Amino acid sequence: MQHSIKKLPKSALEITIEVTPEEMQPYLQKAALRLSQETTIPGFRVGKAPYEEVRARLGAGRIWEEAATIAVPKVFSDIVREEKIETLGSPAIEVDKLAPDNAFIFKATVPLMPEVTLGDFASLKIEKKSTEATDAKVDKVIEDLRKMQTRETVVNRAALPKGDKVVLDMTMSLDSVPLDGGQARDHSIYMDEEYYIPGLMEEIVGLSKGDVKEFKLKFPKDHYQKMTAGRDVDFKVTIKDVYELQKPDIDDEFAKKIGKTTIAEVKGLIRENLAQEAQTKEQERREIALLEQSTEKTKFGDIPDVLVNEETVRMMQELENGVAQQGMETDEYLKKIKKTRDELRLGFAGDAVKRVKTGLMMRKIVLTQNIEITEDELDAEVTRVLEVYKDAPEQHEQIRSDAARDYLRGVLRNRKAIEWLKEQAKI
């Protein structure tokens, strides 16, 4: 097996590899076996057809294509180990020649570990923020709980400025042209809550069921729709119903309705939960600030483009997953924000570079501080993750897999690296 190495800009290498037909034989055999397990070949049980039968059935080209997918990672890793090349990320593979009974030639472009010089982390300063659960925060949660138990009663009177809910049909127009998305049917407006269009609730006060009113309001200058921001918009509302909102008193009876004995007990539990949540968020905030500042103090050589591209792809996947969790299609989301996928990826580039640099810095810390994870520590983390997924037993095999253990080992190393950074910094 022959190979040649060419240095590329930005800490990258291009390795051209030639695998002879003889060297391809074991991969061809594995490929034929894999294909026979996926294909029904008359006269043979699944996975038991010999090489020649698979070749006759599927063609030599199909076997060589499958064999290439098996050969590439093995051959590449062997050369990297032989040449003692410290790579980062996955190689980009380009096939130069793949034809039956000929040498298989491909190029692997791989990013290298750029030079990383850690900064003076002792000069880092991270400010602490209060995690106190104030009375105002507790009262807000209590008020939210009250809203959940509010009784709504239809009333035959005019809407009051406080304590009512008004259900209406609403049409918005600009220069006598209906606004896109400016029509709402059975729209609810709570008179105790701030509305995004200033002045709307004041126009509704005093209206009763069946009343129709037309008026003009100026949209806020910072409104997300540039077409209407700062402009006068025409409104037409038709009142469908007026509801009186009856919130429960904040007393022990209210506490009993939510499973507690006294209102003091409810407030104490809310205060405790708010404090724990605030402490968790504050810890996350400090760690993010710590990583940002330490990355800024670290010097880096040329960052390989492939690393930035891979990170951009991951960020795009994260966004798509987040959009899907909200029950929206990615194309629908892009249409809403008026951007293409390419524009979105381009916008991710700056943050992708920052994330790559942080990852490189963490790797350098792990190496320079000789941070290791014992098998006992890894076993404990696997057990913890299994407990998190105790209601999803179908995930357990994957969690116990070698790939998952390698991933968790990296997570634990990074945690230790962050703890080391905390010891250096002034918080």
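The values are calculated or read from the model by the stated rules, or taken from the named source; none is laboratory data. On a predicted model such as this, the values are computed, not experimentally measured, just so you know. For neighbour counting, all protein chains shown are included, and Cβ atoms are generated from backbone atoms with ideal geometry for every residue, glycine included.
Data overview
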quantity	calculated
Inter-residue pairs, beta-carbon under 8 Å, first under 20 Å from residue 87 (Cβ atoms) and in segment 291-308, second among the charged types (D, E, K, R), 6+ apart	300/115; 300/357; 301/115; 302/10; 303/10; 303/357; 304/10; 305/10
Every residue from segment 52-64 that is surrounded by fewer than 16 Cβ atoms within 10 Å (Cβ to Cβ) and either within 26 Å of residue 303 (Cα to Cα) or free of Cβ contacts under 8 Å to residues at least 40 places away in the same chain (or both)	52, 56, 59, 61
Breaking point among (1) assigned to a helix (DSSP H, G or I); (2) of a type outside the set (Asp, Glu); (3) buried (at least 17 other Cβ atoms within 10 Å of the Cβ), for residue 371	(1)
Any chance residue 217 is part of a strand (DSSP E or B), in contact with a Gly (Cβ under 7 Å, 6 or more places away or on another chain) and surrounded by 11 or more Cβ atoms within 10 Å (Cβ to Cβ)	yes
Selected residue (only one of 23, 66 is at pLDDT 90 or above and within 37 Å of the chain's Cα centre (by Cα))	66
Total residues in segment 1-28, condition surrounded by fewer than 16 Cβ atoms within 10 Å (Cβ to Cβ) and assigned to a helix (DSSP H, G or I)	5
Filter result (part of a loop (DSSP other than H, G, I, E, B) and more than 32 Å from the chain's Cα centre (by Cα)) within segment 86-100	98, 99, 100
Set 210, 206: member being in a loop (DSSP other than H, G, I, E, B), at pLDDT 90 or above, touching a strand residue (DSSP E or B) at 6+ places or on another chain (Cβ under 8 Å) and surrounded by fewer than 15 Cβ atoms within 10 Å (Cβ to Cβ)	210
Identity of the residue in segment 321-348, aliphatic (A, V, I, L, M) and assigned to a helix (DSSP H, G or I), that ends up modelled with the lowest pLDDT	337
Residue identified as in a strand (DSSP E or B) and at pLDDT below 95 among 242, 233	233
All positions within segment 173-183 that are assigned to a strand (DSSP E or B) and farther than 26 Å from residue 152 by Cβ	173, 174, 177, 178, 179, 180, 181, 182
Qualifying residue in segment 286-293 (condition: over 30 Å from residue 127 (Cα atoms) and buried (at least 16 other Cβ atoms within 10 Å of the Cβ))	no
Selected residue [out of contact with any His (no Cβ under 7 Å at 6 or more places or on another chain) and assigned to a helix (DSSP H, G or I)] from 259, 268	268
Within segment 184-201, considering residues that are in contact (Cβ under 8 Å) with a residue 40 or more places away in the chain and not in a strand (DSSP E or B), the one surrounded by the most Cβ atoms within 10 Å (Cβ to Cβ)	201
Options 181, 163, 210, 206; residue that is in contact with a Ser or Thr (Cβ under 9 Å, 6 or more places away or on another chain), at positive phi and of a type outside the set (Phe, Trp, Tyr)	210
Residue list for segment 245-256, restricted to those being assigned to a loop (DSSP other than H, G, I, E, B), in contact with a helix residue (DSSP H, G or I) (Cβ under 8 Å, 6 or more places away or on another chain) and of a type in the set (Asp, Glu)	251
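Every residue, every condition in (1) closer than 22 Å to residue 9 by Cα; (2) in contact with a helix residue (DSSP H, G or I) (Cβ under 8 Å, 6 or more places away or on another chain); (3) of a type in the set (Phe, Trp, Tyr), yes or no:
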site	(1), (2), (3)
310	yes, no, no
316	no, yes, no
327	no, no, no
330	no, yes, no
348	no, yes, yes
357	yes, yes, no
369	no, yes, no
